[in-house]
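Take a look at the structure set out below.
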Amino acid sequence: IAGITQAPTSQILAAGRRMTLRCTQDMRHNAMYWYRQDLGLGLRLIHYSNTAGTTGKGEVPDGYSVSRANTDDFPLTLASAVPSQTSVYFCASSDSSGEGSDTQYFGPGTRLTVL
Amino acid sequence: AQKITQTQPGMFVQEKEAVTLDCTYDTSDQSYGLFWYKQPSSGEMIFLIYQGSYDEQNATEGRYSLNFQKARKSANLVISASQLGDSAMYFCAMTGGYSTLTFGKGTMLLVSP
């Protein structure tokens, strides 16, 4: 079982370019999340999805969009990247069916640098 | 809105000693979950331990225990018998709306021989 995979592992991107970070989970979790991690700020929620077909905004959604066409995939798109989006991006998933602890399990992260 | 505060930017401990990492939280929710994650230098986020707000006993997972004091709104992580491999960044987090997590800024733990 792979758990959660993210691609790419790292990327250097020119400002203004469009970029999609991929996230796939094989645990059949209903909920998925995107966080960004910046030095000294911990992890902050960008977007989330409680189930396929639904998404919601987190603490720092501006400049990002997501889609959830199926249970397994939750891509994050930067429509026009800016240097302030330089960060490490983590995808996570959880079984938030209400019968468990909602523990989130994280992917390995994508390190994105916008120049 | 939830808030997590970790007041210790860094902690030092000698191998085989116990260490407590502090975490206080603020929420108006009656039902919530508290989590600790470990992030080693390799960067991955590793789930360590979970405490539900209605759990009467403190959670334990091997060498990790969560000292949950609901009235004080604290959820400190205790690591017993520290090992060199425990050197990492540790994050306290709590569930918010729709099972999303609010994280603290983390505590860097260094274990010395």
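Since every read-out is calculated from the coordinates, none of them should be taken as a lab result. Just so we're clear, the structure is a prediction, and the values are computed from it rather than from any experiment. Don't worry about glycine lacking a Cβ; one is built from the backbone with ideal geometry, like all the others, and counts go over all protein chains shown.
Here are some notes:
- More than 24 angstrom apart: percent of Cα pairs within chain A: 19 percent
- Theoretical gain in end-to-end length, residue B:30 to residue B:72 [0.36 nm per residue, Cα-Cα removed]: 13.7 nm
- Remark: chain B is approximated by an ellipsoid whose semi-axes, taken from the C-alpha gyration tensor as √(5λ), come to 24, 15, 12 Å, largest first.
- Order of B:55, B:26, A:95 - criterion: other Cβ atoms within 10 Å of each residue's Cβ, fewest first: B:26, B:55, A:95
- In the elastic network of chain A, a GNM with C-alpha springs shorter than 10 Å, the most mobile of A:24, A:77, A:54 is A:54.
- Local electrostatic count, residue A:45, Cβ distance below 10 Å [Lys/Arg +1, Asp/Glu -1]: +2
- Taking one quarter of the surface of the convex hull spanned by the alpha-carbon atoms of the protein assembly as shown gives a direction-averaged projected area of 12.5 nm².
- Extending 7 Å from the Cα toward the beta-carbon at both residue B:64 and residue B:80 defines two label points whose distance is 1.6 nm.
- Note that segment A:73-87 has calculated 3J(HN,Hα) couplings of 10, 8, x, 10, 10, 9, 5, 8, 5, 10, x, 5, 8, 5, 5 Hz, one per residue in order, obtained from phi through the Karplus relation 6.51 cos²θ - 1.76 cosθ + 1.60 (θ = phi - 60°); glycine and proline are x.
- Here the protein assembly as shown carries DSSP beta bridges of which approximately 90% are antiparallel, counting only pairs with both residues inside.
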